[in-house]
1. Take the Cα pairs of the range A:218-306, get the Kirkwood Rh, then feed it into Stokes-Einstein at 10 °C and 1.306 mPa s and tell me D in µm²/s.
2. For the range A:160-245, what number results from the quotient of the Cα radius of gyration and 2.2 N^0.38 Å?
3. For B:Glu87, which inter-copy label distances result when the label point lies 7 Å beyond Cα on the Cα-to-Cβ vector, reported in nm to one decimal and in ascending order?
4. Which whole-number percentage describes the relative contact order of chain A, with Cα contacts under 8 Å and a sequence gap of 6 or more?
5. Keeping all protein chains in place and using 1.4 angstrom, which order do B:Thr376, A:Thr120 fall into by accessible surface area, from largest down?
6. Under Stokes-Einstein, with the Kirkwood radius over Cα pairs standing in for Rh, what whole-number D in µm²/s applies to the range A:265-370 at 10 °C and 1.306 mPa s?
7. In units of 2.2 N^0.38 Å, what is the alpha-carbon radius of gyration of the range A:153-391?
8. With a 1.4 Å probe and all protein chains left in place, how much of the accessible area of the range B:3-151 comes from carbon and sulfur atoms, in whole percent?
2 protein chains.
Amino acid sequence: MSLIKQKTDQAIDVLNELDIDVWLTYVRKTSEIHDPSLYFLLEDSWLTWQSALIISKDGQKIAICGRYDVQNVESSGIYDQVVGYDESIKQSLVEILNELKPRTIAINYSMDNVAADGLTHGMWLRLNKILEETQYINKLISSEKILAALRGRKTDTEIERIKKAIAISEEGHKKVGKNAKLRMSEREIEKILLDFTKESGVEVSYPPLIHVGPTTIIGHGRGSPDIKIRRGDLINVDYGVFYNGYASDIQRLNYILREDEDIPPKEVLRAFETVINAISAGAEKLKPGIQGFEVDYVARKRVTDAGYPEFMHALGHQMGRNVHDGGCLLGPKWEKYGESPLYLVEKNQVFTLELHVYVENHGYCSVEENVIVTKTGCKFLSERQLELSLIKL
Amino acid sequence: MSLIKQKTDQAIDVLNELDIDVWLTYVRKTSEIHDPSLYFLLEDSWLTWQSALIISKDGQKIAICGRYDVQNVESSGIYDQVVGYDESIKQSLVEILNELKPRTIAINYSMDNVAADGLTHGMWLRLNKILEETQYINKLISSEKILAALRGRKTDTEIERIKKAIAISEEGHKKVGKNAKLRMSEREIEKILLDFTKESGVEVSYPPLIHVGPTTIIGHGRGSPDIKIRRGDLINVDYGVFYNGYASDIQRLNYILREDEDIPPKEVLRAFETVINAISAGAEKLKPGIQGFEVDYVARKRVTDAGYPEFMHALGHQMGRNVHDGGCLLGPKWEKYGESPLYLVEKNQVFTLELHVYVENHGYCSVEENVIVTKTGCKFLSERQLELSLIKL
């Protein structure tokens, strides 16, 4: 069964569970602005004019689209009914709603979850204009809970794809460890990973982030051509790929031993252990039914209890069709995260666990793992880094 | 001067012309949902947390973004001031607005123009929440007029890129003409173009559309592997590429002569001439200051006056950073097109001119050209097809 068929069938179950009558995804010109929900509703197809993809609690799948897109949508084999139009979507949309008689219509917007927020404000205004003289105008709600469930609860097919993406990431990390040389720049390490990605026939899920030594610039920028490996440096690499549409997101940490060293200095080891222990604390707390911020809190506390400053990001985000996925976030209750840290953890959600401390004179000490939530806790999908990778050059 | 620098400078002129104090583009997680305005505001960079890109009438360019993106935005060299934040964008955004004291703030949404409608509804709600206790809540307007000007008025750099994209398209069309064979399928013709695109080191600006003979399915679907070239067929090919981020969009029409034919049948010639004449009529009408629908009307009338049914799409859309670009549309006043056919044509806008009639037993008779608006009229950027391309196989 195709993944889209699996996910649209899953959506019907979710609608029943949430008691929502209709899920309506309203889009236009998807080559220009691509609603992330479309990954679960229509594969490899562009919709040109305003289109509505409708799934109902009683199991109907209906698409309304411009006449020139009808063939594409029909050939997807997902929709029981595909309605084409020429001048305006209004009449067909109102007719279909009149048939479905929904008490609630979940629409593709969300304040807190970008992956459920594909409806543009202009399209929201258009939808309101179309429905203004109907009873449906007062039945619109956000579809964010549907999307959170649909994105979060991975099917077996999705889990297999993520595992494969993780395996490729891990191989890439090993390649960096083997090929690291003195005076190699961050930009050159980036190139090792980009070449490896190409050879592996996949794409990166985000530009690889390379942090070498104490002068590295921490952030989402490209690795510097001028910052180069020296003895005593921490080398942090953040590298993920998409395998068949599904992402991995892994960080590994290496230390370049000094000539007179067999083990790293105390302060490096202590930082590494703090990061590993904090990840363990988060993983121990992670299980179905807990709120995201509770998991973040125990890891964050390990770091501050050890006397390090707090890391200024969430402990873990979901991962799946995109690197940042799903509704529930393992993050603090900061304004920018909205409601997402309050969501409940569910079985089969896949999370990152990641955090860092900074070690003066050595660099950015950060590790990131990928885990899946099980019935009673969580399981690591990545092979955990429990030892600092030591490199003698 | 980089194109982004050119366009952000142009934006300052447009703000003065429209008497708008501030243009504010509000985005988040641009790897997931990419506001099309970003093509003119920030190249090759992802913004992760909520970010505001601000250009003011008095010439200031200010960016507010998450701390991990500051380095990227600074290195673009576009913004005079880059403000980073950790927990919430609110304080910095309100402070910057307090400094700028705008009477009007143009925001990135539009009912009618998808290319100016990158703000999601969830982000609109967030912005309103951030500004709810300030005076700015009542100063928000749509930035669609800024975007229409910015996208429409092509700089010399943009025009050069479009010309190059058109030249590559035209070469691809010739390749199809030379390589067409009896019993070649639509899917095989598509492959000729995709291979050519790859060899040319560019990407298609939309999946090539191939229409062979009377049984073809008209629309945005992929060419069929089962519909194959026969004598007496019209072969319509719709093929465009991106060159350095700028699009072409060209259709050419071929006719496969029958064994006993030196010229196509009367009904084919008459259809072709009708299409060509309608394009000419549109081109003659096209000039600065006219409304889009007036241009569409004269072409549409040629077709219906000749006794053919009306084509169910607009005569011409703008072209540029995307295949469908700008504000003004050369289209009829249909609901789905909103206000866009009412916009005025301006100098240096680039339009397609395209329409079709269907010829029973022969197929889809359609041609598409690309033109640029001059001071007094328009000029063809594509080498016009004035003769039906006849192929003897």
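1. Values: Rh = 15.9 Å.
For these conditions, the coefficient is 100 µm²/s.
2. My calculation over the Cα atoms of the range A:160-245 gives 1.07.
3. Spelled out, the distances from B:Glu87's label point are 5.6 nm.
4. 14 percent
5. Ranked list, largest accessible area first: B:Thr376, A:Thr120.
6. Working: Rh = 13.9 Å.
So the translational diffusion coefficient is about 114 µm²/s.
7. In units of the globular-protein estimate, the range A:153-391 measures up at 0.97.
8. 43 percent
The values are calculated or read from the model by the stated rules, or taken from the named source; none is laboratory data. This is a predicted model, so every value here is computed, not measured. Glycine gets a Cβ as well: all are built from the backbone with ideal geometry, and neighbour counts include every protein chain shown. These accessible areas exclude ligands, DNA and RNA; they are computed on the full protein's heavy atoms, side chains included. Shrake-Rupley method; radii C 1.70, N 1.55, O 1.52, S 1.80 Å.
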